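The structure under discussion appears below in the form of structure tokens.
The values are calculated or read from the model by the stated rules, or taken from the named source; none is laboratory data. What you see is a predicted model, and the numbers here were worked out from it, not measured in a lab. Positions of Cβ are backbone-derived with ideal geometry, glycine not excepted, and every protein chain shown enters the neighbour counts.
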Amino acid sequence: MQNVTILGSTGSIGVSTLDVIGRHPEKYAVFALTAHKQVDKLFEQCLQFKPQFAVLGSPEAAGQLRQRLEMTGLTGTNVLHGESALSEVASDAGCQIVMAAIVGAAGLKPTLAAAKAGKKVLLANKEALVMSGQIFMDTIAASGSALLPIDSEHNAVFQCLPAEKRAYDPDFGVTKVLLTASGGPFLKRDVSTLESVTPEEAVAHPNWVMGRKISVDSATMMNKGLEVIEAHWLFGAPADQIEVVIHPQSVIHSMVSYSDGSVLAQLGNPDMRTPIAYGLGYPERIASGVAPLDLIKVGQLQFHEADFTRFPCLDLAYAALRTGGTAPAILNAANEVAVEAFLQRKIGFRDIDRLIASALEKVESGSADTLESVLDADRRAREFTVSRIS
Ligand code: NAD
Ligand code: MG
């Protein structure tokens, strides 16, 4: 029996993770569940999975949950709150697996805590890796943690890389990492109308149901940009060897090319329970609840070149990766602030890429050797972007 902590259990990835775990009660128990504000949803999850710990963002929210659990006679769950409690449940000796599914920079510290403590880390929170790739990968190497990518593209690449070494290594004949991208809701929309798209249009992804932030990231294709940086750190691939291919059906989740001309791909229905089950079960395969892929029904697989003029965020992410140091942390912070402002209708859709470009230009970047320097760059980029918006 393995105990699992789910950081961000009330989100889209968190809910899918609990769905997979619920199919294997003989294999997995829930150790801790965490949410930021969603007391109702976390309460329901506690009733069903009876974790040892539940964590919320504020003392008020934690108090509400504690009271509701007591009223139902459920006293086995300890309710905690605050940032340090997240790191505590992620590193507690009582759990073996940590699903890192908090959205954004807020997930960085608890994810690092899990890595430091030698947990098997299932990484969905790509922003943590974008911000502090070197520190994170060094921490994983030092503790001997197993790191399993959950982002569907990186999970596919992991599966297509040589089993002896899941890395970009020309000695093993690996020549390229090919990340597929659906192109999001605006792949075909007239570029001149992008200025005026609404949050509702931006979060309506054609193939995947996801949280709001990543849905907007998919519409700007910053999601793919963050994934290029993520692939660089996970697999050690240089920027020039990571290529983005538009594939509107989202059936091929990504590919790896080899020196003999082979291209290996991983296919499946667009459902995050597949990579989640792969990560949980690794190196075994376990049932995920995902329907088998019906290729006859899919009928056609299409591929196009990525258009950097339509999607400037993709270009900005490659530029930040090439600059290195804290530039990706600055890119990520400006993006988080801009996306939130867009969702609150304070700025237009195209302002997102303009704000990120100006943060990359104006906010000073430097070495990303320490967590302090990364968090400092993150803070300065947020302040800069907030001031530009107001
Ligand atoms: P979501 O918005 O649905 O859920 C986010 C979770 O994080 C919630 O449980 C929320 O309570 C928690 N949270 C938010 N802010 C917090 C804070 N400040 N402190 C503590 N907890 C906080 O997001 P999601 O779509 O599940 O995505 C989660 C992560 O997984 C993101 O990094 C995303 O990029 C990545 N990811 C998601 C998908 C997907 O299909 N949804 C696919 C690949 C990668
Ligand atoms: Mg992805």
**OP:** Report yes if Ile214 is within 16 Å of ligand 1 (Cβ to nearest atom) and buried (at least 16 other Cβ atoms within 10 Å of the Cβ), otherwise no.
**Re:** yes
**OP:** Hey, could you check the range 148-171 for residues that are over 26 Å from Ala117 (Cα atoms) and without any contact (Cβ under 8 Å) to a residue 60 or more places away in the chain and say which is farthest from ligand 2 (Cβ to nearest atom)?
**Re:** Asp171
**OP:** Kindly indicate which of Ser196, Ser132, Ser145 is more than 16 Å from ligand 2 (Cβ to nearest atom) and crowded, with 24+ Cβ neighbours inside 10 Å.
**Re:** Ser132
Original post:
Taking helices (runs of 4 or more DSSP H) that fall entirely within the range 252-353, which contain at least 1 residues that are hydroxyl-bearing (Ser, Thr, Tyr) and within 19 Å of the chain's Cα centre (by Cα)?
Top reply: 273-281, 312-323
Original post:
Got a number for residues in the range 21-57 being crowded, with 24+ Cβ neighbours inside 10 Å and within 20 Å of Arg285 (Cα to Cα)?
Top reply: 1
Subject >> Matching entry among Phe311, Phe235 (being more than 14 Å from ligand 2 (Cβ to nearest atom) and either under 22 Å from Ala357 (Cβ atoms) or at pLDDT below 95 (or both)) >> reply: Phe311
**OP:** For the range 324-346, name all the residues that are under 15 Å from Val216 (Cβ atoms), surrounded by fewer than 20 Cβ atoms within 10 Å (Cβ to Cβ) and not hydrophobic (A, V, I, L, M, F, W, C).
**Re:** Glu340, Gln344, Arg345, Lys346
Original post:
Does Leu360 satisfy the criteria of being in a helix (DSSP H, G or I), within 19 Å of the chain's Cα centre (by Cα) and within 13 Å of Gly225 (Cβ to Cβ)?
Top reply: no
Subject >> Candidates Leu178, Leu187, filtered to the one that is crowded, with 20+ Cβ neighbours inside 10 Å, farther than 18 Å from Ile276 by Cα and more than 16 Å from ligand 1 (Cβ to nearest atom) >> reply: Leu178
**OP:** Give the residues of the range 306-365 that are of a type in the set (Lys, Arg) and over 24 Å from Ile102 (Cβ atoms), sorted by residue number.
**Re:** Arg310, Arg322, Arg345, Arg350, Arg354, Lys362
Original post:
In this structure, is Val103 within 15 Å of ligand 2 (Cβ to nearest atom), surrounded by fewer than 24 Cβ atoms within 10 Å (Cβ to Cβ) and under 27 Å from Asp353 (Cα atoms)?
Top reply: yes
